[in-house]
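Structure record follows, encoded as structure tokens.
Computed from the coordinates by the stated procedures, all read-outs in this text should not be read as laboratory data. Just so it is clear, the structure is predicted and the values come from calculations on it, not from any experiment. Note that each Cβ is placed from the backbone with ideal geometry, even for glycine, and that neighbours are counted across all protein chains shown.
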Amino acid sequence: MAKLKVATVSLAGCFGCHMSFLDIDERILELIEHIEFDRSPLTDIKTVGACDIGLIEGGLCNAENVEVLRAFRAHCKTLVAVGACAINGGLPAQRNRLPLRPLLESVYPQGVPNDPELPLLLNQCDRSTRS
């Protein structure tokens, strides 16, 4: 039987879901008998090929997150949201109760960074399951 090809991606979040995945310890060796990892911090592969399953960690907080998720989706037959940030916005979505501009001004009292290299923030952090 052919192995399933699995990729993972992290958007806006704490990276805790990937860390929890590593907590399966030596059982990962048994898992490797059934799957092959593609893009993942577990493999350090940065690009994604055609995959059977894509695991998404994190929510959507900026334009770069949206772009990464769309490109990831194009390569995966099935997407699975993993963790609170991907499923309901998690901790990054706590900012949703406040208007974005005043929030940024309180975090950056010397001036909100305005560099074209920085991804454009979305007005609201959203769960990745919505896209």
Can you compute the helix-only [θ] at 222 nm over the chain? Use -39500 (n - 2.57) per DSSP H run of at least 4 residues, normalise by all residues, nearest 500 deg cm²/dmol. -8000 deg cm²/dmol
Just rank ASP52, ASP126, fewest to most, by other beta-carbon atoms within 10 angstrom. ASP52, ASP126
Spin-label point model (7 Å from Cα, Cβ direction): what's the LEU98 to ILE24 distance in nm? 3.8
For q = 0.09, 0.13, 0.17, 0.18 Å⁻¹, what log10 I(q)/I(0) does segment 4-126 give under the Debye formula with an equal point scatterer on each alpha carbon and no solvent? -0.30, -0.59, -0.90, -0.97
For the chain, modelled as a GNM with alpha-carbon contacts under 10 angstrom, which of PRO92, PRO119, PRO109 fluctuates the most? PRO109
Would you mind putting 13-26, 73-86 in packing order, based on average other-beta-carbon counts within 10 Å, highest first? 73-86, 13-26
